[in-house]
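Below is one structure; the comments refer to it alone.
The values are calculated or read from the model by the stated rules, or taken from the named source; none is laboratory data. Only a predicted model underlies this, so the values are computations on that prediction, with no experimental measurement involved. Every residue, glycine as well, gets a Cβ built from its backbone with ideal geometry; the counts of neighbours run over all protein chains shown.
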Amino acid sequence: MLTALAAVARYVSGFSDIAAFVLATLALAAMAWLVSFATEQTGRRYGPAITGVMQSTLGNLPEFFVVLFALNAGQLVVAETALIGSIVVNALLVLGLVIIVGARQARDGVMRFSTRLPNDTATLLLISTFIIILIALSHSAGDTASHHAKTISIVGAAALLLVYVWWLTDYLRSDAAPEDTEPARLTRATSVVLLAAGGVGSAFVSDWFVDALTPTIHTLHITEAFAGLVIVAIAGNAVENVTGIFLAAKGRPELAISVVKNSVAQIAAFLYPLLVIVSLLTATTLTFSMSPVYAGALFGTAVIIWQVTGDGEATGFEGAALIAAYVILAIVAAFET
């Protein structure tokens with residue numbers, strides 16, 4: 001119903017830009033429920049690694065199209081901050097909420113999970129941040145390399161994609177059995193079809209979302225940085241927002257962490273570099289060049305999540321600390337031009 005209303009608001013005159021934007025945002029959130037339910041059902045048949053990768057891939061489809069449409073519309077700041085926002089929303093806000101919910105479900109107040117994925121995610125995020133910081137420092141110094149940010153970004157993107165594929169292959173081979181034996185309510189084919197339908201449906205809604213974004217920014221007098229880092233990032237990652245918390249509340253910490261961490265790893269080491277290469281075909285080229293404040297934010301995020309989840313356990317206090325870090329970054333973005 002929400003998706004249909006969002007479509008009507010996009011293609012039928014008479015709706016305000018803000019109304020169209022709100023309906024598109026709600027439609028993205030509605031798709032999240034569909035994907036979260038299908039993910040849980042799929043997770044009962046496969047291990048957490050396969051399910052997490054499958055869900056994050058489909059869940060990140062809206063983000064891919066949102067950034068692609070923004071680049072084609074010449075909204076470079078929105079595209080850049082949407083990608084950064086997707087990383088920090090999942091790594092700080094969503095992970096923080098998942099940890100708080102998961103810790104409350106544990107008898108001793110400590111959420112426990114395997115350490116490999118959290119540590120691998122931090123490594124992938126640090127490698128991505130390494131390129132971003134180098135380019136930012138080069139621009140600040142005004143050296144010769146600063147004039148070749150596009151070439152450096154393309155080569156760096158290709159290197160990151162190779163590393164991600166290598167990591168993903170090893171990670172999937174090490175997948176464990178499903179966490180419990182409770183029977184699934186849906187057949188395997190139905191679960192996969194629902195996952196695909198939710199992801200593809202979100203892609204269409206993303207186009208309507210971006211179309212209403214620019215006039216909404218002007219009407220509400222918010223910065224493009226805040227729109228990308230907060231509004232677009234949260235809406236575009238609604239799937240992970242709902243799914244991770246839902247799974248943590250169901251007492252499935254391994255799958256909850258897998259969903260969130262896979263999304264962070266995929267955005268940083270796959271989606272971002274892939275969009276750098278794909279943007280060569282759009283009106284605006286995306287590179288790893290960005291404001292030093294956001295380069296610092298990504299580095300800080302990698303260090304924080306490594307500290308919090310690297311030992312395979314987390315408490316509600318640590319979840320709250322992650323959320324606080326996101327709030328601080330959102331306030332900074334509100335004052336960025």
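One table, with the values for the structure above:
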| item | result |
| --- | --- |
| Test set (1) surrounded by fewer than 24 Cβ atoms within 10 Å (Cβ to Cβ); (2) in a helix (DSSP H, G or I); (3) modelled with pLDDT of 75 or more - Ile222 fails condition number | (2) |
| Cβ pairs under 6 Å, 6+ apart, first in segment 150-177 and over 20 Å from Val53 (Cα atoms), second at pLDDT below 95 and small (Gly, Ala, Ser) | none |
| Candidates Ala295, Ala269, Ala283 - the one that is at pLDDT 90 or above and either surrounded by fewer than 22 Cβ atoms within 10 Å (Cβ to Cβ) or not basic (Lys, Arg) (or both) | Ala269 |
| Positions within segment 309-337 being surrounded by fewer than 18 Cβ atoms within 10 Å (Cβ to Cβ) and of a type in the set (Phe, Trp, Tyr), in sequence order | Phe317, Phe335 |
| Of all residues in segment 167-207 being in contact with a Lys or Arg (Cβ under 6 Å, 6 or more places away or on another chain) and of a type outside the set (Gly, Ala, Ser), the one that is modelled with the highest pLDDT | Arg188 |
| Any hit, segment 30-37, residues being within 22 Å of Leu229 (Cα to Cα) and modelled with pLDDT of 70 or more | yes |
| Which listed residue, of Ala24, Ala20, is over 25 Å from Gly156 (Cα atoms), buried (at least 24 other Cβ atoms within 10 Å of the Cβ) and touching a Phe, Trp or Tyr at 6+ places or on another chain (Cβ under 6 Å) | Ala24 |
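Yes/no per residue for (1) closer than 20 Å to Ile131 by Cβ; (2) touching a residue at least 60 places away in the same chain (Cβ under 8 Å); (3) out of contact with any strand residue (DSSP E or B) (no Cβ under 8 Å at 6 or more places or on another chain); (4) not polar (S, T, N, Q):
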residue	(1), (2), (3), (4)
Pro62	no, yes, yes, yes
Gln75	no, yes, yes, no
Ala79	yes, yes, yes, yes
Ile87	yes, yes, yes, yes
